[in-house]
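Following: one structure in structure tokens, then a few remarks.
The values are calculated or read from the model by the stated rules, or taken from the named source; none is laboratory data. Everything quoted here is computed from the prediction, not taken from an experiment. Here Cβ is always computed from backbone atoms with ideal geometry, including for glycine, and neighbour counts include all displayed protein chains. Ligands, DNA and RNA are excluded from the accessible area calculation, which covers all protein heavy atoms including side chains. Shrake-Rupley method; radii C 1.70, N 1.55, O 1.52, S 1.80 Å.
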Amino acid sequence: MQKKTIHSIGILTAGGDSPGLNAAIRGIGKTAVGHYGMQVIGFHDGFRGLMENRTIRLTSANLSGILTIGGTLLGTSRDKPHKMPVGGKTLDMTDAMVDTYVRHQLDALVCIGGGGTQKNALRLKEKGLNVITLPKTIDNDVSGTDVTFGFDTALGIATEAIDRLHSTAHSHHRIIVVEVMGHNAGWLALGSGIAGGANVILIPEIPYDINNIAESIKQRSRAGKNFSIVVIAEGAKSKEYAQDLEALEIAKQGVEDKDERKEIKAKIKALEEKHANNTLQLSKELERLTGLESRVTILGYLQRGGTPSAVDRLLATRLGSAAAHYIHQGVYGIMIAARGDGIEPMPLESIVGRRKTVPFDHPWVETARHVGISLG
Ligand code: F6P
């Protein structure tokens with residue numbers, strides 16, 4: 001058989017979208033096509049497009065003009081290879097994805113995504129595919145990398161929102177509770193809260209006591225400051241809620257019986273549903289405890305939309321370009337992590353299943369405390 005000299009690579013974007021995805025696709029594509037002479041195809045809508053063989057050829061023409069555009073030109077989905085909804089059923093479609101890879105005679109597949117995508121990519125690696133991943137998410141919770149792309153942009157958007165909310169909170173002598181995304185990690189809330197000068201920051205890693213929050217707001221009032229900004233991460237929990245959840249999680253770990261596990265899972269779901277409107281409840285309760293009017297702003301998907309920041313464009317381009325380089329070297333089964341100004345190839349096995357949350361002794365936590373921010 002004649003040896004193939006041109007490498008063919010595939011790219012997909014999976015999980016929630018985030019600013020910088022197009023910059024990453026461009027970084028991989030331009031280096032792969034322009035520098036190494038490879039052929040590149042993109043799969044639409046994450047792992048679903050790989051299963052359904054829905055592709056687009058990426059060329060220097062369609063890789064141009066996308067650097068500054070938000071979202072992903074490939075589309076994305078949260079579908080998982082081994083739990084794919086197909087025709088009303090949930091099936092393991094991993095083999096169908098392997099078939100697509102083989103049909104296109106790919107030498108490698110680049111999967112761009114967060115923690116879940118790293119896990120799914122590892123599954124494909126275990127099926128014999130050459131995979132490389134890039135870490136993206138506004139949550140910054142992927143283990144093994146200093147930072148994920150998308151985070152800086154979201155941090156900027158959340159900080160600008162907090163800046164704007166300051167003047168209206170001040171004018172009306174109100175509490176404004178701002179809910180920031182981040183899933184179960186507090187990076188976005190903590191970073192934007194410090195940068196935006198919040199008075200209280202609540203993160204999932206540090207369960208809060210509402211009386212402590214109310215007390216710090218009342219202290220401000222006594223000092224003549226009749227307004228407060230409370231930044232709350234979407235995953236933040238009161239001490240009671242965190243304890244109840246932890247007890248159920250521990251109980252689940254020790255249970256082998258399928259039905260018993262199902263029952264505990266249902267209890268966890270019910271508890272989460274009960275606390276779904278946590279931010280609204282917190283605001284109401286603060287009104288009652290402080291005597292100040294309180295309003296809520298939920299930033300939501302605004303934080304994921306629009307033009308990536310310069311920092312994210314630079315990071316996504318660097319990581320993307322490095323992915324093409326590693327493919328050229330024949331190095332696979334890795335996530336390209338950001339390490340300082342450089343990059344580091346991390347074996348997928350070393351990062352999968354680990355979420356990077358904010359450590360209690362992280363310098364940002366210390367800084368927040370030192371400048372007088374209440375962490376609840
Ligand atoms: O992972 C990014 C993120 O925006 C989280 O901050 C948030 O919890 C989640 O995605 C929302 O997911 P979805 O887009 O599926 O609603």
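Summary of values
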quantity	calculated
Gain on full stretching of the segment that runs from Lys252 to Gln105 - 0.36 nm per residue minus C-alpha separation	48.6 nm
Calculated Rg and Dmax of the stretch 156-304 using C-alpha coordinates, Å	17.0, 58
Of the DSSP H helices in the chain, those whose Cα atoms cover at least 30 Å axially and whose Kyte score averages -0.5 or more	151-172
Between the stretch 84-163 and the stretch 325-376, the alpha-carbon center distance in angstrom	16 Å
Antiparallel DSSP beta bridges within the chain, percent to nearest 5	30 percent
1.4 Å probe accessible area per residue over the stretch 1-126, in Å²	44 Å²
Cα-centred dipole magnitude for the stretch 156-304, charges only on beta-carbon of K, R (+1) and D, E (-1), debye, nearest 20	520 debye
Around Glu263: net Lys/Arg minus Asp/Glu count, Cβ-Cβ under 12 Å	+4
Gyration tensor (Cα) of the stretch 1-159, equivalent ellipsoid semi-axes in angstrom	24, 21, 14
With every protein chain in place, the stretch 192-261: carbon and sulfur % of accessible area (1.4 Å)	45 percent
Ordering of 54-65, 212-223 by burial proxy (mean other Cβ atoms within 10 Å per residue, highest first)	212-223, 54-65
Long-range HN-HN contacts of Val296 with modeled amide H, under 5 Å	Val177
5 Å binning of all Cα-Cα separations within the stretch 81-163, expressed as whole percents from 0 upward	3, 13, 19, 17, 15, 13, 9, 6, 4, 2, 0
Probe 1.4 Å, protein heavy atoms only - accessible area per residue of the stretch 156-304 in square angstrom	51 Å²
Helix-only mean residue ellipticity at 222 nm for the chain, each DSSP H run of n ≥ 4 adding -39500 (n - 2.57), per residue, nearest 500	-13000 deg cm²/dmol
Average silhouette area of the chain, convex hull of alpha-carbon atoms, in square nanometres	20.7 nm²
Most to least packed among 103-109, 21-27, 225-231 [average Cβ atoms within 10 Å]	21-27, 225-231, 103-109
With every protein chain in place, the stretch 1-124: carbon and sulfur % of accessible area (1.4 Å)	51 percent
Long pairs among Lys218/Lys284; Lys127/Lys265; Lys136/Lys274, criterion Cα-Cα beyond 21 Å	Lys127/Lys265; Lys136/Lys274
Listed residues Lys136, Lys267 arranged by accessible area, highest first, probe 1.4 Å	Lys267, Lys136
Arg339-Gln281 FRET efficiency (beta carbon distance; Förster radius 30 Å; 0.05 resolution)	0.15
About the Cα centre, charge dipole magnitude for the stretch 217-303 (Lys/Arg +1, Asp/Glu -1 at Cβ), debye	560 debye
